[in-house]
1. For LEU141, state whether it is hydrophobic (A, V, I, L, M, F, W, C), buried (at least 17 other Cβ atoms within 10 Å of the Cβ) and more than 21 Å from TRP175 (Cβ to Cβ).
2. Using the structure shown, decide if ALA96 is open to solvent by less than 30 Å² (accessible area, probe 1.4 Å), closer than 25 Å to THR180 by Cβ and out of contact with any Ser or Thr (no Cβ under 9 Å at 6 or more places or on another chain).
3. I'd like to check something: does segment 91-105 contain any residue that is under 30 Å from ILE173 (Cβ atoms), in a helix (DSSP H, G or I) and hydroxyl-bearing (Ser, Thr, Tyr)?
4. Do we find a residue being open to solvent by 70 Å² or more (accessible area, probe 1.4 Å), farther than 22 Å from ARG195 by Cβ and without any contact (Cβ under 8 Å) to a residue 24 or more places away in the chain anywhere in segment 148-163?
5. Residues in segment 16-44 that are surrounded by 12 or more Cβ atoms within 10 Å (Cβ to Cβ) and farther than 18 Å from ALA4 by Cβ: how many?
6. Condition (residue is part of a helix (DSSP H, G or I) and surrounded by 15 or more Cβ atoms within 10 Å (Cβ to Cβ)) applied to segment 45-64: is it met by at least one residue?
7. Exactly one of these conditions fails for LEU114: (1) assigned to a helix (DSSP H, G or I); (2) modelled with pLDDT of 95 or more; (3) open to solvent by less than 30 Å² (accessible area, probe 1.4 Å). Give me its number.
8. Residues that are among the small types (Gly, Ala, Ser) and open to solvent by 20 Å² or more (accessible area, probe 1.4 Å): does segment 121-136 have at least one?
Amino acid sequence: MRKAERLFQIITLLRGRRTAMTAQQLAEVLEVSLRTLYRDVQALQLAGVPVEGEAGVGYRLRPGYQLPPLMFEADELLAQLVGLRMVRAFTDPQLAAAARSAEHKVRAILPEHLQRQAEQQPYRVPVLKRDEEARRTHAMLRKACERCQCLTLRYRDLQGEFSERLVYPLALIGWRHCWTLLAWCELRRAYRNFRLDRILEVCVTDRHFETHHQLSLQHYLATELAMDDFD
């Protein structure tokens with residue numbers, strides 16, 4: 001957990017209690033040492049957060065303290081709303097649900113003038129029922145990438161040729177005109193981008209793979225992104 005996340009978590013833990021929490025209790029929840037916990041509390045106090053400590057009792061947050069509301073500029077708000085809508089339209093159902101929840105949270109904190117701008121913003125991204133199968137495919141591929149789980153594909157390439165592929169999925173890449181699955185292809189012995197609209201069948205296998213310095217998303221981005229590697 002990064003320091004900023006720990007500081008926010010400390011505030012959250014203390015805000016939700018009527019009684020103090022000891023340093024040991026906080027350190028155990030955050031899975032850090034007491035020394036790190038003491039430094040984090042000191043950082044909050046120096047930033048003006050009213051964390052009060054008493055020897056033998058613990059820490060508490062002064063009653064009535066509230067985190068300052070998160071405010072957005074109009075363009076920042078528009079960028080978030082458009083991005084969240086694109087997630088709902090073009091990725092998988094689980095992320096779509098998370099995007100919907102996030103949008104509700106964003107809208108809930110907006111002042112009235114930004115609420116109006118949110119309603120009047122010109123970008124519209126339809127979430128179409130006909131794309132449900134594609135969204136389910138996204139979910140399958142995303143989970144395979146996260147779990148380093150090999151896939152078998154039945155694929156039609158640019159020339160219309162059909163092939164069976166065993167691939168190591170690494171990432172889903174959104175281009176201007178299509179989505180592709182970036183994977184290491186055993187047939188080609190190289191990285192390949194497989195267009196999702198040309199994947200005829202996909203099956204998750206029981207086989208797993210390990211990434212390393214010459215087979216990973218980072219390696220691809222550093223060495224081969226500019227290459228024409230579409231199948």
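1. Values: hydrophobic (A, V, I, L, M, F, W, C): yes; buried (at least 17 other Cβ atoms within 10 Å of the Cβ): yes; more than 21 Å from TRP175 (Cβ to Cβ): no.
Answer is no for this residue.
2. yes
3. Of the residues in segment 91-105, the ones under 30 Å from ILE173 (Cβ atoms) are 91-105.
When the remaining residues are screened for being in a helix (DSSP H, G or I), the result is 93-105.
Imposing the further condition that a residue be hydroxyl-bearing (Ser, Thr, Tyr) reduces the set to 101.
Yes, segment 91-105 has at least one match.
4. Step one: list which residues in segment 148-163 are open to solvent by 70 Å² or more (accessible area, probe 1.4 Å), which gives 154, 156, 158-159, 161-162.
Imposing the further condition that a residue be farther than 22 Å from ARG195 by Cβ reduces the set to none.
There is no residue in segment 148-163 that is open to solvent by 70 Å² or more (accessible area, probe 1.4 Å), farther than 22 Å from ARG195 by Cβ and without any contact (Cβ under 8 Å) to a residue 24 or more places away in the chain.
5. Taking segment 16-44 and keeping what is surrounded by 12 or more Cβ atoms within 10 Å (Cβ to Cβ), we get 17, 20-23, 25-30, 32, 34, 36-44.
Subset that is farther than 18 Å from ALA4 by Cβ: 17, 20-23, 25, 28, 34.
Qualifying residue count, segment 16-44: 8.
6. The first filter runs over segment 45-64 and keeps only residues part of a helix (DSSP H, G or I), leaving 45-46.
Among the residues that remain, those that are also surrounded by 15 or more Cβ atoms within 10 Å (Cβ to Cβ) are: none.
So far as segment 45-64 goes, no, none of its residues is part of a helix (DSSP H, G or I) and surrounded by 15 or more Cβ atoms within 10 Å (Cβ to Cβ).
7. Of (1) assigned to a helix (DSSP H, G or I); (2) modelled with pLDDT of 95 or more; (3) open to solvent by less than 30 Å² (accessible area, probe 1.4 Å), only one is false for LEU114: (2).
8. Yes, segment 121-136 contains at least one residue that is among the small types (Gly, Ala, Ser) and open to solvent by 20 Å² or more (accessible area, probe 1.4 Å).
The values are calculated or read from the model by the stated rules, or taken from the named source; none is laboratory data. Model, not experiment: these values are computed from the prediction. So basically every Cβ, Gly included, is an ideal-geometry build from the backbone, and we count neighbours across all protein chains shown. To get the accessible areas, we keep the full protein, side chains included, count just its heavy atoms, and leave off ligands, DNA and RNA. Shrake-Rupley method; radii C 1.70, N 1.55, O 1.52, S 1.80 Å.
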